[in-house]
Amino acid sequence: MAKKKSIIYKCSNCGYSQPAWLGRCPECGEWNTMEEHITDPNASSSQLKSNGTAVKIKPVPLSKVTIQDEGRFSTGNVEFDRVLGGGATKRSAILIGGEPGIGKSTLLIQTAANMLKKNKVLYVSGEESAGQIKGRAVRLGINVDDVEILCTLRLEDILDALDSLNPTVVIIDSIQTVYSVECGVVPGTVNQLKYCANELISWVKERDSVLFMTAHVTKDGNIAGPKSLEHMVDTVLSFERTKDEVRFLRSQKNRFGSVDELGIFEMEATGLKCVSDPSALFLTRRKGEIPAGVACAAVFEGSRAFIVEIQALTVPAKANVNRVYSEKIDNARVSRVAAVLEKRLGIKFSDQDLYINVAGGIRLSESAIDAALAAALYSARTDLPLPESSVIIGELSLAGEIRPVTKQKQRVKASKDLGMKVITTPEKEAGTICTENVKELITALFKK
């Protein structure tokens, strides 16, 4: 139960205090020096003065507020910096969620080693011993001798270490293991998460520091605990992986950058490595002819464009009930594109089971893949392969029109850089084939 706040009036000259306001201080005799203070037992330690009181905050006009230029720390990792918006912003809190074993701790121990050159780093672990952390660092071949390691679950121990060391980089692995005696002794409860996270975030907000916290996830892939935990931090990152050793780092919330950026890593024996050329992961290198049902699309993730391969397969439906099997592209999108093809081209999909896959395991959600998906479905249904080195760009409307997409020039440039010879676009562009509807698209690609 929250404790009741009380108000006292304290002299700014001599420190004399009493519960009622006076125009003149009885102790030193000065006029108009009595200031209102709040005695708040529920306030965080960073909000209180040494005497246990906090000055009452009053509103100010927005016109008098100055914009501070927030500096950034480079994590030493190109992909990590990309997702964060150019690096970790000072006085910010970053929450990283992901399933067990995906590489959250590996990413952060590498980040700690990279940031050691210019910053003091405190690594707090509630799940592993100091020996385990040192063993991982040795196995990965990184030097973390100057990283301060604290293995504890108690919030009070962490705050004491923060006050004594005053680090600029704080890593908590993980926030669900931290507890405070103020909220009991069981970690992971709603009150524990909110209280402990608030104390840690309040500490870095008062200093030029940055806070990294890892978080457990549920079976559904969501961050465990109250949703308010995600509201409290400045950035929420999601770590995902495919069946291979590829890892994707996405931003779900970022107060200091875009949420459209995608970081791509490969897990190797020496840790997580940045993938500089994403198209090498999402395109299948083949010898010989391209099989039917394969089409390439130019997608845009954040600030870069790359080419991905969409694979489609159609087989007769069992019991005349067709189904769609698609993990990386939304089932509703697949059904809609198939319905447009059936209506506008007269090719039947309602008696077929549709299987859709994306090479490399990346999830695609933007509308610019519609035309490529339509070409892959048509190719799979007719068993006619697409031309070699072809890329399809465009959004498909219900009327069968190929609509323009954003950043077409960058998509075309990325296609040409990879040596693609046949590029279809909804708007005229040098070196491309302009197709304004799905009939023109099929005619251009299949000569039909």
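Sort out which residues of segment 381-418 are assigned to a helix (DSSP H, G or I) and open to solvent by 10 Å² or more (accessible area, probe 1.4 Å), and write them in order of number. 381, 382, 408, 409, 410, 413, 414, 416, 417, listed by residue number. Exactly one residue out of 378, 355 is aromatic (Phe, Trp, Tyr) and open to solvent by 50 Å² or more (accessible area, probe 1.4 Å): that is 355. Taking segment 177-198 as the range and being among the polar types (S, T, N, Q) and surrounded by fewer than 23 Cβ atoms within 10 Å (Cβ to Cβ) as the test, the residues that pass are 177, 180, 189, 191, 198. Checking each residue in segment 292-302 for being touching a residue at least 60 places away in the same chain (Cβ under 8 Å), farther than 17 Å from residue 422 by Cβ and open to solvent by 10 Å² or more (accessible area, probe 1.4 Å) picks out 300, 302.
Confirm whether residue 406 is over 12 Å from residue 295 (Cβ atoms), in contact (Cβ under 8 Å) with a residue 12 or more places away in the chain and within 26 Å of the chain's Cα centre (by Cα). Answer is yes for this residue.
If you filter segment 113-129 down to residues that are in a helix (DSSP H, G or I) and open to solvent by less than 50 Å² (accessible area, probe 1.4 Å), you find that the one that is nearest to residue 73 (Cα to Cα) is 115.
Restricting attention to segment 358-375, and to residues there that are open to solvent by less than 20 Å² (accessible area, probe 1.4 Å) and in a loop (DSSP other than H, G, I, E, B), which single residue is farthest from residue 425 (Cα to Cα)? Residue satisfying both the conditions and the ranking: 361.
Restricting attention to segment 12-38, which residues are assigned to a loop (DSSP other than H, G, I, E, B) and open to solvent by 90 Å² or more (accessible area, probe 1.4 Å)?
13, 19, 21, 27, 32, listed by residue number.
Put simply, of 76, 103, 87, 97 the only residue that is without any contact (Cβ under 8 Å) to a residue 24 or more places away in the chain and of a type outside the set (Lys, Arg) is 87.
Scanning segment 129-150 for residues that are over 27 Å from the mean Cα position of the chain (by Cα) and hydrophobic (A, V, I, L, M, F, W, C) gives 130, 138. For the residues 287, 343, 348, the requirement of being open to solvent by 30 Å² or more (accessible area, probe 1.4 Å) and assigned to a helix (DSSP H, G or I) singles out 343. Here 365, 379 are screened, and the one residue that is within 21 Å of residue 324 (Cβ to Cβ), among the polar types (S, T, N, Q) and at pLDDT 95 or above is 379. Candidates 338, 319, 332, 305: the one that is part of a helix (DSSP H, G or I), surrounded by 18 or more Cβ atoms within 10 Å (Cβ to Cβ) and either free of Cβ contacts under 8 Å to residues at least 24 places away in the same chain or not charged (D, E, K, R) (or both) is 338.
Quickly run through segment 233-248 and pick out the residues that are open to solvent by 50 Å² or more (accessible area, probe 1.4 Å) and touching a residue at least 60 places away in the same chain (Cβ under 8 Å).
241, 243, 244
Residues in segment 419-428 that are touching a Pro at 6+ places or on another chain (Cβ under 9 Å) and open to solvent by less than 50 Å² (accessible area, probe 1.4 Å) were compared, and the one that is nearest to residue 299 (Cα to Cα) is 425. Residues that are among the hydroxyl-bearing types (Ser, Thr, Tyr) and part of a loop (DSSP other than H, G, I, E, B) were ranked within segment 57-91; the one that is most open to solvent (accessible area, probe 1.4 Å) is 66.
The values are calculated or read from the model by the stated rules, or taken from the named source; none is laboratory data. Since the structure is predicted, the reported quantities are computational estimates derived from the model, not experimental observations. Backbone-built Cβ (ideal geometry, glycine too); neighbour counts: all protein chains shown. Calculation scope for accessible area: heavy atoms of the full protein, side chains included, ligands and nucleic acids excluded. Shrake-Rupley method; radii C 1.70, N 1.55, O 1.52, S 1.80 Å.
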